[in-house]
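Have a look at the structure below, then the notes.
The values are calculated or read from the model by the stated rules, or taken from the named source; none is laboratory data. All values derive from a computational prediction rather than experimental measurement. A quick note on method: Cβ atoms are made from the backbone with ideal geometry, for glycine too, and the neighbour counts reach across all protein chains shown. Side chains are part of the model used for accessible areas, which takes the heavy atoms of the whole protein and leaves out ligands, DNA and RNA. Shrake-Rupley method; radii C 1.70, N 1.55, O 1.52, S 1.80 Å.
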Amino acid sequence: MNATDLKTIMQAQGITREDLLDYLRQMRVIRNFEEAVYDLLGRNIIKGASHLYAGQEAVAVGAISVLRDDDLITSTHRGHGHCYARGDRLAKTPEEKQEHLNKMMAELCGRATGYCRGRGGSMHIADVERGNLGATGIVGGNIPVATGAALSMKLQKSDRVVLCFFGDGAANTGNFHESLNMAAIWKLPVVYIVENNLYGMSVPFEKASSCKNIADRGCAYCMPGEVVDGMDVLAVRDAVSRAVDRARHGEGPTIVECKTYRWYGHSRSDPRVYRTREEEKAWKERDPIPTLERRMLEAGLVTPQELDELARACEKAVEISIDFALNSPFPDPSELYDDVYVPTVYTPSQIAKERELRERVRSDPNMRQIYYWEALVEAFREEMTRDPRVFIMGEDVGLYGGAYGATRGLYQEFGPERVIDTPISEAAIGGAAVGAAMTGMRPVAEIMYVDFTPLAMDQIANQGAKNRYMFGGKTKVPMVIRTEGGAGRSIAAHHSQSLEALWTHFPGIYVVMPATPYDAKGLLKECIRNDNPIMFIEHKMLYGTKGPVPEEEYTIPLGVADIKRPGKDVTIITYSRMVLRALEAAENLAKEGIDVEVVDLRCLKPLDVDTIIESVKKTGRVVGVTEAYKTGSFISEIFTIINELAFDYLDAPMVRVAAADVPVPMAETLEDAAIPSVERIEAAVRQLVY
Amino acid sequence: MAKEVIMPKMGQTMEAGTIIEWYVKEGDTVKKGEPIFKFESDKAALEAEAPASGTVLKILHHPGETVPILEVVAVIGEPGEDISRFLKPGAAPEAAAPAGAPEAPTAVTPAAPAAPPIPEGRRFASPRARMVAKQLGVPLERITGTGPGGRIVERDVLAYAQSLPKATPAARKLAAEMGVPLETLAAGPERITRAEVERAAAPVPPPAAPAPAPAVQAIPMAGVRAIIAERMSASARTTAAVTLFTEVDATALVQLRESFKQSPLAGGLVPGYNEILVLIVGRALQEHPNMNVRLVENRIEQLAVINIGVAVDTERGLLVPVIRDVASKRLGDIVAEFRMLVERARAGQSLPDDLSGGTFTITNLGMYEVDGFTPIINLPECAILGVGRIVEKPVALNGQVVIRPMMVLSLTFDHRINDGAPAGRFLQRVKQLIERPYLLLA
C-alpha cells in the first residue's frame, strides 16, 4: 500500500484529511483510555471487571464513522470503543467531546456523574438518548435487541440503521442464529458486525466452530457476509459503508466480520496462556494506529509534529477524564431504588372510579357477557386503533389468531405489519420486543406457553427488565410479553406450569395475572399503555370462561387488588384461575357458616400490599392459593410480607394451598391431584377455623 | 352450627368448677353474652355467659357436679340440630368425690416437688391474641387457649375480657400489672376503676379512721409483694385454718444450743434454734405422716419426702427457703444447707428450687418478742408452725414455782384435711422432742 492508494481510497470513500485525523484521534483516545483503565484497575480504583478494547479500535471507529447521527448501535461487554466512537461522533464541540469522555470514565469509576449514574459500569454503559442502546454483560445478549430496534425502524418507515457489534464468541449463541434469521426474513435495516478477535475468552475460534469465517454463516440465512481486515480502519469503513447502504435502502441485513486482535487478555486477570507471545507480536505489528499514521505520513497528509501534538492531546483528554471521574461523587445510597421502574402513579379518583365500575359490573345482571379471549381481542383492537406504535408479534398470532384465540381477527384488521407471525425463536421474540420498545414502539409479544418463557428469559429479564436501571434511568422499555400458563388440559409438564414466580423475582418487570374477562381487558389495555416491561400471564382454562364486560372504554390501574368476595372469618389470597376455585370454595364454606374473603391480586407486581394487609387485619386468618409449585411460589412471598407488616394481626398460622412439587403430570387423575382443588381449598380454610 | 358451652378456666390455678345453679333450662332461648350458669372455682363463685345465641339444646352437668375446665357442660344451637357429637360417652367428667371425710390417700405420690401452680412450658398464643390482650390489658397467663394445642387465639382473649367485671381500660392495665385478678373485685353496676384496683392491691386499712389517711408513699404491688399477696389471700380464702397453741419448756433446747456453742459441729457450725427445730419437726412429721400432705383437687396426697421451709425476712420481703428431705439429713447438713439457702435468698440469687417444693413451714417471730400468733398456711401445704420467743417465766413444777425458759408454739392446720386431734398429737410430739431432745436418739 502506498500514498497513492490512500488518496484513491479517500476519494472513493469521500473522506478528507480531517476525517482521517479524526479517526486517528478516536483510535488514539480509545487506546489511551484503555491503557488508563488497565492502570486504574491495577490500582483498584476501578472496581469490578473491565474488558479492554485496545487493538480493536479500527473496528469501532471505522464502522461508526459510516453512521448518520440518528442511527443506532448496540454494544458488548468489550464496548468502550463503540461507546467512545459513537459519542465522539455526536459531540460537535471539543468541550462536548471532552464531556463525553469524562462521563465514560466516571461511569467506569462508578461515579454519580457517569453515563449511567454509576449503575452500569464498564459492561453496561449506554447512552440511549443518543442512539447507543447500550452494552451488555451477556455474550450475544444484544443481538436480538439490535434486531428489534431494526424492526422498530422498519415499522416506523424510518431509514435509520442499526449497527450491532458482537464478538466471535457470541456468534455461537442461539441469539445470533435466531436474530440473523429473523432479520433476514423481514429484511431489517441492521448490520451485524462480528469482531473476531480469535478467542472466546480463552477458547480459540477454530475450536468453537468448524467454519473458517463467521461471515460465511450469512449464507444460512441468505444474507450477504463479508470478511474484512479489522486492523484497517478504512477497510472496515468501506465494508460497513456498503452494508449500511443496503440496510438503509431496504435490502436487509449484512454480516461483516472484522478479523482483529485484542492487546490485553479477556480481562485483567487473564494470563493469556492460550496464545503465544509470537502471535501477539505479529498482530501488534499490524497495530491500526501506527499503520494509519504511517500511511498518512507517506501520503504527505500529516507531519510528525502534527502526529506528536495529536498524541499529546489524546493523552491529555484521557487525563482530564480521570481527574473528572476521581473528583466526582459516588452515587448516594438514597438513590438505590431510583429508576427500577418508570413511575406508575394513579390518582385516588382513578382508583375509586375503577372500583365503582367493577362493583357495577358485578351487580348489573344485564351487563353483556363475553369470553375472556374476546375481552383480550377487544383490548388489542382498541389500543391498536388508539396508538399506531402498538403492534403484536409472536408464534401463530397472525392468521391463526393465537394458540388460544387472543389475537383472532386482528391480522385481517390491522395487517401483517402490525400482527407479525414470527419464527419459533423465543429469545429473538423477547429481545426484539426489548429493542423495539427502547426505540419508540409499544410491542406486545406473545410467548405461546409460560413454559417457553425461560427460553427468552435472558432477553426479557437481563435486557428488558434491567436496561432502564442499568442505564441510569435514561431509557424505558414499554413492552408487554403475553403468555399463558396453568394446568387443566392434560398436556403435561411442558405446557401446564405456572411460572410467575420466576418473573416476579426480577426487579424491573411487572407481572399481571387477570382472572376474569373484565380484568383481562382492562388490565391488558393498561399494560399496553404503561411504560414498563410487563409479563402478562393468562390462563389456558380461562379463555373459554365468560363474564360481564362493560361496553364502555375502561382501563384498570395496575397494582390494585380486587376483593372478589368480602368475608370476615378467613382471607384467601389468590390470583388467576385459582380465584374461581377460591370463590367456589367460599360459597360452599358459607353454607357451614364460614365467611371467607377472596382477595384477587390481579397484579403480582406491582402488588397491592394495602388490600392484603387490611384483609389480614380484618380476619386474622390467611390461606394462600396458587397453581404454582409450592416451593418458592409467589404466595410464599406474600406470606413473608404479611409476616413483616401484619404479624400481630395473625390469629393462626398461614396456610398454603399450592401445586405439588412435581412436574405437572399428564394423566387426569395425576394432574387433578397436583393442582389445588376446591376441596383442598375448603379443607385449608376449615383447618383454620377452630 | 351448634355451639358448646364449656366450664371456663378462670384464673391460672383453676382446674375444675362446681356448678351451683343453672339460670336456664333446656329449650330456653339465650342471647350471646347472657349469664347462663353460676359455678364455683377454687377461688370464687362466678357466672358463665352464653358463648352464642340460640336455644339451650342440652344441659350435660347439673348443680353440685364438679366439672373439669373446658369440659362441655351444655350445648346451644337451633332446635332439632344434631348434637350427638357432644354426647359422646366418656365426655362426662368423673363423678365428684363424695362429700365428707376425705378418703385415706391410696398412694404415695413419688417425690413430687410441690411446684407452685404455674403451668409448665411455654404458653402459645397467636400474635393477634397477644396484641388484643395487650390492648385490653388482659394478662395472657389467665387465659385458656382453645386453639390447636391449647393455643390462645383472639376469641379466647375476647371471651376472657368479657367474662371479667366491667372495668376501665386503665383499671385493667393496672390490675394486670399488679397481678390483681379483676374477677376477685366486686362487680357492681359501675365499671371498676383504677382506684378500686389500687385499693384491692393495697393492704386493707384499719376501718377506724373516718377519713382515709393520706398516703405518704405509694409502693406498687408487684414482685415478691404481689406473690405474697396472692398466696396469702388464696390461703386465707380457701383453707379452714385452725391454730393450736402450746407452751413448751425450752430448758433442754437452750442447754442443747449452749452445748453446741461449747463444742461446735464439724466446720465450726453452731446450730441455731430454727435449725434444731427443723430437725425436730422433721422427726415429728416422720412419725405423723398425715401432717405431711397436700390437697390436690379432691385428693389428699401424702408426700414421700419431708421438705421444710423456714420463713426468712429479707429486704425483698418474706421468702421461704426450703430444706429438702430433712428426714435423711443430720443436723450439720441441715445447718449448712439452710445457711446457704438464706445467703442466696438475701442476695436475691435464689435458684428456682430454693423457694419451692416445701411440704411444711416453720415461721419464727421470737426475735420480735412475739409469743403466740396465727400463721397462714403456705399452700399447698397443710400446716405451719409458728415459733414464739424463749422467755424466762415463773412456772409451777412439781408443786413449786420455778423460773424456766418458756416458748409458745402456734400450729395452724387446714381443717379440711386434718382434724384437731391428730394435729394436736403432732404438736404434742414436737413439744416432747423439744423438752426432751434425747428422745431424738430413740
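Where the accessible area of the stretch A:582-674 is counted over protein heavy atoms with a 1.4 Å probe, how much of it, in %, is carbon and sulfur?
54
How many partner chain Cβ atoms sit within 10 Å of a residue's Cβ in peptide B:142-155, on average, as a whole number?
That average works out to 2.
Can you list the DSSP H helices in chain B whose Cα atoms extend at least 15 Å along the helix axis and whose mean Kyte-Doolittle hydropathy is 0.0 or higher? Don't skip to the answer; put the middle values down first.
Values: long enough: B:223-238 (23 Å, 0.16); B:251-262 (17 Å, -0.33); B:273-287 (21 Å, 0.69); B:331-346 (22 Å, 0.28); B:420-435 (22 Å, -0.19).
Within chain B the helices that satisfy the rule are B:223-238, B:273-287, B:331-346.
Go ahead and run the numbers for FRET between B:GLU47 and A:LEU645, Cβ-Cβ distance against an R0 of 25 Å, rounding to 0.05.
So, using R0 = 25 Å, E works out to roughly 0.05.
Computed on alpha carbon atoms, what radius of gyration and Dmax characterise chain B, expressed in Å?
25.7, 87
Could you list the square roots of 5 times each eigenvalue of the Cα gyration tensor of the protein assembly as shown, that is, the equivalent ellipsoid semi-axes, sorted largest first and rounded to whole Å?
Largest first, the protein assembly as shown gives 90, 41, 23 Å.
Mind giving me the FRET efficiency for A:ARG362 and A:SER267? R0 is 41 Å, r the Cβ-Cβ distance, nearest 0.05 is fine.
Calculated transfer efficiency: 0.10.
Over the stretch A:3-327, what percent of the accessible surface lies on carbon and sulfur atoms, probe 1.4 Å?
52
Where in the stretch A:423-441 does the label zone of A:ILE185 land, with the point 7 angstrom along Cα→C-beta and an amide N cut-off under 13 Å?
Answer for the stretch A:423-441: A:423-430, A:432.
Going from most exposed to least, what order do A:GLU309, B:GLU4, B:GLU81 have by accessible area with a 1.4 Å probe?
Descending accessible area places them as A:GLU309, B:GLU4, B:GLU81.
Relative to the present Cα-Cα distance, how much length would full extension add between A:LYS157 and A:LEU326 at 0.36 nm per residue of separation?
Length difference between fully extended and current span is 56.4 nm.
Along the Cα→Cβ direction, 7 angstrom out, place labels at B:VAL270 and A:GLU584. What is the inter-label distance in nm?
9.2
Run the 1.4 Å probe and let me know the accessible area of B:SER328, rounded to the nearest 10 Å².
Around 80 Å² of this residue is reachable by solvent.
For chain B, what % of the accessible area comes from carbon and sulfur atoms, probe 1.4 Å?
56
Rounded to the nearest 10 Å², what accessible area does B:LEU295 show when all protein chains are kept and the probe is 1.4 Å?
Answer for B:LEU295: close to 50 Å² accessible.
For the stretch A:641-656, which residues drop by 20 square angstrom or more in accessible area between the chain on its own and all protein chains together (1.4 Å probe)?
At a threshold of 20 Å² (probe 1.4 Å), the residues of the stretch A:641-656 that become less exposed are A:PHE647, A:ASP648, A:TYR649, A:LEU650, A:ASP651, A:PRO653.
Out of the GluC sites (Glu not before Pro) in the stretch B:358-411, which ones are loop residues according to DSSP with at most 12 other C-beta atoms within 10 Å?
Qualifying residues, ordered by number: B:GLU369.
In the stretch A:1-75, which trypsin sites (Lys or Arg not before Pro) are in a loop and have at most 16 other Cβ atoms within 10 Å, using DSSP for the loop call?
Loop-located and lightly packed - A:ARG43, A:LYS47, A:ARG68.
The stretch A:317-374: which trypsin sites (Lys or Arg not before Pro) are DSSP loop and have at most 16 other beta-carbon atoms within 10 angstrom?
Filter output for the stretch A:317-374: A:ARG368.
Checking a compactness column here: for the stretch A:499-587, what do you get for Rg(Cα) / (2.2 N^0.38 Å), N being the number of residues? Mind dumping the intermediate values first?
Working: Rg = 13.8 Å, N = 89, 2.2 N^0.38 = 12.1 Å.
Taking the Cα Rg and dividing by 2.2 N^0.38 Å, one obtains 1.14.
Please compute the per residue accessible area over the protein assembly as shown with all protein chains in place, 1.4 Å probe, rounded to a whole number of Å². Walk me through the numbers before you get to the answer.
Values: 48540 Å² over 1132 residues.
Normalised by residue count, the accessible surface of the protein assembly as shown is 43 Å².
Of B:HIS288, A:HIS80, which has the most accessible area and how do the rest follow, probe 1.4 Å? Kindly include the intermediate steps, with their values, before the conclusion.
Details: B:HIS288 35, A:HIS80 0 Å².
Largest accessible area first, the residues go B:HIS288, A:HIS80.
Give, ordered by residue number, each residue of the stretch A:580-616 whose 1.4 Å probe accessible area is reduced by a minimum of 10 Å² on adding the remaining protein chains to the chain alone.
A:GLU592
Taking a virtual spin label 7 Å from the Cα of A:LYS7 along the C-beta vector, which residues in the stretch A:21-39 bring their backbone nitrogen under 18 Å of it?
What the label zone holds, given the 18 Å backbone N cut-off, is A:21.
Ignoring ligands and nucleic acids, what accessible area does B:THR246 show with a 1.4 Å probe (Å², nearest 10)?
My reading of the accessible area for B:THR246 is about 30 Å².
To the nearest hundred square angstrom, how large is the accessible surface buried between A and B, total for both chains, probe 1.4 angstrom?
Interface area, both chains combined: 1000 Å², rounded to the nearest 100.
State the antiparallel share, in %, of DSSP beta bridges confined to chain A, rounding to the nearest 5.
15
Let me check something: with ligands and nucleic acids excluded, how do A:ASP387, A:ASP19 order by accessible area (1.4 Å probe), largest to smallest? Intermediate values should be presented prior to the final figure.
Values: A:ASP387 15, A:ASP19 50 Å².
Output order, biggest surface exposure first: A:ASP19, A:ASP387.
Going by a ≥ b ≥ c, the root eigenvalues of the Cα gyration tensor, does the stretch A:348-548 fall in the rounded group (a/c under 1.5), the prolate group (a/b larger than b/c) or the oblate group?
Since a/c stays below 1.5, the shape of the stretch A:348-548 is classed as rounded.
Which entries of A:LYS617/B:LYS9; B:LYS3/B:LYS31; A:LYS47/A:LYS103; A:LYS259/A:LYS281; A:LYS525/A:LYS564 have Cα-Cα distances beyond 18 Å here?
Beyond 18 Å: A:LYS617/B:LYS9; A:LYS525/A:LYS564.
Expressed in nm², what is the orientationally averaged projection area of the convex hull enclosing the Cα positions of the stretch A:564-621?
Mean projected area for the stretch A:564-621: 3.5 nm², to one decimal.
Taking the stretch A:3-327 on its own, what percent of its Cα-Cα pair distances exceed 29 Å?
Every Cα pair in the stretch A:3-327 considered, those over 29 Å come to 33 percent.
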